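What follows is a single structure, written as structure tokens, with notes after it.
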Amino acid sequence: MFGCGAQAETHLHALMHVRQITRALVWGRSFDRAQAFAERMSGSSPIQIEAVEQGEVAAAQADIICTVTAADTPILFGDWVRPGTHVNIVGSSYVGPCEIDTDLVVRSRYFADNRASVEAAGAEYIGARDSGLITNIHILGECGDVIIGRVDGRISTHDITVYKSLGHIIQDLAALKYLVDR
């Protein structure tokens, strides 16, 4: 987890329900807040949760990274992320603040919650596109395309996959209906 607020807590809980997570690393711009988050979450979690002082150390060990911050400038860099990692970019939701650098956008198999929204407001994506490093075909699909099998999320064990979430209530409601039906 890159971030240690409410979004980090809900994302960690969600990940533990869908993946066999045994250990979570938490990095925050304030190490004290990251430590407090790790202690608080450890009390209600069956997994090992620990704070780390350097984002690079956390990223180098991660299979899944969630950026859930209000950072204005990148806090996660492409050269930190190892092949095979999945990244959820959640914190930035309008043009301006960027949680990840352009290199990570360019190197990734990039997916969106909603293509039109990411093309209009996905700051990290827009920065890479406006720099001429990618075009709009870099968005390979929306999360629903992957879920129904229309688009392959990962085609190699070395792929770095990125999912950009701006937040859309209709997807939240569809996910809730799916869970209730199960």
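The values are calculated or read from the model by the stated rules, or taken from the named source; none is laboratory data. It should be emphasised that the depicted structure is a prediction, and the values quoted were computed from it without experimental measurement. All Cβ positions, glycine included, derive from the backbone under ideal geometry; neighbour counts span all protein chains shown. We work out accessible area using only protein heavy atoms, side chains counted, and drop any ligands, DNA or RNA first. Shrake-Rupley method; radii C 1.70, N 1.55, O 1.52, S 1.80 Å.
Set side by side, the residues 121, 58, 71 differ, and just one is open to solvent by less than 30 Å² (accessible area, probe 1.4 Å), among the aliphatic types (A, V, I, L, M) and modelled with pLDDT of 95 or more, which is 58. The set of residues in segment 143-161 being over 14 Å from residue 86 (Cβ atoms), at pLDDT 95 or above and surrounded by 11 or more Cβ atoms within 10 Å (Cβ to Cβ) consists of 151 alone.
Taking helices (runs of 4 or more DSSP H) as the structural unit, those lying wholly within segment 1-67 and holding at least 2 residues that are over 21 Å from residue 86 (Cα atoms) correspond to 31-42.
When the residues of segment 162-182 are filtered to those that are of a type in the set (Gly, Ala, Ser) and closer than 21 Å to residue 64 by Cα, the one that is modelled with the lowest pLDDT is 175.
Would you point out which residue out of 126, 134, 147 is under 13 Å from residue 93 (Cα atoms) and of a type in the set (Val, Ile, Thr)?
Every option except 126 fails the conditions.
Summed over segment 162-182, the residues that are under 21 Å from residue 105 (Cα atoms) and either open to solvent by 100 Å² or more (accessible area, probe 1.4 Å) or among the hydroxyl-bearing types (Ser, Thr, Tyr) (or both) give a count of 2. Listed by first and then second residue, the pairs with beta-carbon distance under 6 Å, at least 6 apart or on different chains, first residue in segment 61-74 and acidic (Asp, Glu), second in a loop (DSSP other than H, G, I, E, B), are 72/97.
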